[in-house]
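Take a look at the structure set out below.
Just so it is clear, none of the values below were taken in a lab; they were calculated from the coordinates. A quick note: this is a predicted structure, and the numbers were derived from the prediction, not measured. Using ideal geometry, Cβ is built from the backbone for each residue, glycine included, and neighbour counts are taken over all protein chains shown.
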Amino acid sequence: MDKNMFGVVVVGIGIAGSVRIRELLNPLKPSPSESLNLLGFVSRRSLDEFSGVKQISLEEVLQNNEVDAAFVCTDNQNHQESVRRFLEAGKHVAVEYPLALSADAAHDLWRLAEQKGKVLHVEHIELLSEEFKQLKREVSGKKLVEGVLHFTGGPLDEQRFGFPSFSGIARLTWLVDLFGELTVTSATIEEQKEVNYSKLTARFLTAENRPLTWIEERAPGLKRDKKFHFSFTSGTVDTLPPPPRASVGLFMQDQNLFAKKLLGQVPQEEMAAEKKRILKCIDLAEEIRKYCEH
Ligand code: NAD
């Protein structure tokens, strides 16, 4: 068996899962993704095959020694259970964000991965986008006075995707990656269930005691968009020129990172920093939910 080749499966054939299959079938060459060998997919539906890839039952995947790793692309509410089962079966896991829908579950899963000596990779394509890279360059070295990040989008089923601070973890991750340690000072949620409207408002302080606000607003017909307004001692950042098109797709970039981890090519400090950021964001999401519940 070639130690540099990894048998993988994709679990959940929705938007993300279909992209994963496409990217796994067409790895960038040369790239670490070439070491991922797609063996099949798992779905609750009976699909038989998808893009020429065969369906395998979950039980068979868990027992099959040729399967080294799983891409978990199911609804958020299923992540915790799926990730746990694959780790327990001794498989590496790449899971679409968020890792889990509670802080306790996320910490437990990370401990389990470490006990099993397996890679637990949480996809964070929002940090790989050209838009974010541009914003990060723009913000770098500036002293924050205050800032707001306002996301809008269509309604999301909370049963399947979790409380908005979890389903919106991509926005929270932006703020943490841009401004470092944050402390939640308040959070409220306004909901009109009959019209499918929800608006989460969370307020934070940075380590330098500068205020940040995150708004996650969803309603039918609301355009998917992100607006930001960051004031710095040196001026304001609220628009950026249209970002250049990424030469490598976001899921492919993420898949390369996962493959590099499997190949042992990602430095320990980088892995530790990623783990810290992911768990910190989930802790913040949990705190925000608690504020909203009170
Ligand atoms: P989706 O609704 O299109 O797909 C989810 C799929 O998972 C569905 O086909 C569903 O039937 C299947 N599923 C649910 N439970 C299952 C189970 N127990 N076993 C097998 N299949 C199961 O949603 P999506 O947009 O593909 O999102 C999936 C995940 O990817 C979410 O966690 C989301 O946060 C993440 N994600 C999506 C995108 C994107 O661009 N769509 C980007 C980043 C992250």
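Helix 130-139 versus the longest principal axis of the chain: what angle, 0 to 90°, nearest 10, using Cα atoms? With rounding to tens, the tilt is 40 degrees. Based on C-alpha pairs under 8 angstrom that are at least 6 apart in sequence, the stretch 48-171 has a relative contact order of 24 percent. Would you list, by chain and number, the lysines whose Cα falls below 21 Å from the Cα of LYS223, excluding same-chain residues fewer than 8 positions away? Of all the lysines, those that pass the test against LYS223 - Cα under 21 Å, at least 8 places apart if same chain - are LYS193, LYS199.
For the stretch 29-39, 3J(HN,Hα) computed residue by residue from phi via the Karplus equation (6.51, -1.76, 1.60; θ = phi - 60°) reads 10, x, 6, x, 4, 5, 8, 9, 10, 6, 9 Hz, glycine and proline entered as x. All other residues with a Cβ under 15 Å from the Cβ of TYR197 taken together, and with Lys, Arg as +1 and Asp, Glu as -1, what is their net charge? Charge balance in the 15 Å sphere: -3. Given a cut-off of 27 Å, name the pairs among LYS142/LYS260; LYS133/LYS276; LYS3/LYS275; LYS226/LYS290 whose C-alpha atoms lie farther apart than that in the structure shown. Violating the 27 Å limit, Cα to Cα: LYS142/LYS260. Computed per residue of the chain from DSSP H runs no shorter than four, each worth -39500 (n - 2.57), the mean residue ellipticity at 222 nm is -11500 deg cm²/dmol. Of the trypsin sites (Lys or Arg not before Pro) found in the stretch 128-217, those that fall in a DSSP loop while having at most 10 other beta-carbon atoms within 10 Å are LYS143. The residues neighbouring PHE6, those whose beta-carbon lies less than 12 Å from its own, together hold a net charge of +1 under the Lys/Arg +1, Asp/Glu -1 convention. The angle separating the long axis of helix 169-179 from the principal Cα axis of greatest extent in the chain is about 60 degrees. For ASP68, the residues whose modelled amide H falls within less than 5 Å of its own, excluding neighbours fewer than 5 places apart on the same chain, are GLY7, VAL8. The length gained on full extension between HIS229 and LYS143, counted as 0.36 nm times the residue separation minus their Cα-Cα distance, comes to 29.6 nm. For the chain, the longest principal axis of the C-alpha atoms and the axis of helix 250-262 are separated by about 60°. Rounded to the nearest 5, the antiparallel percentage of DSSP beta bridges internal to the stretch 1-59 is 20%. In the chain, Cα pairs under 8 Å separated by at least six residues give a relative contact order of 19 percent.
Over the stretch 129-192, the hull volume per residue, using the convex hull of the C-alpha atoms, is 121 Å³. Kirkwood analysis of the Cα pair distances in the chain returns a hydrodynamic radius of 20.2 Å.
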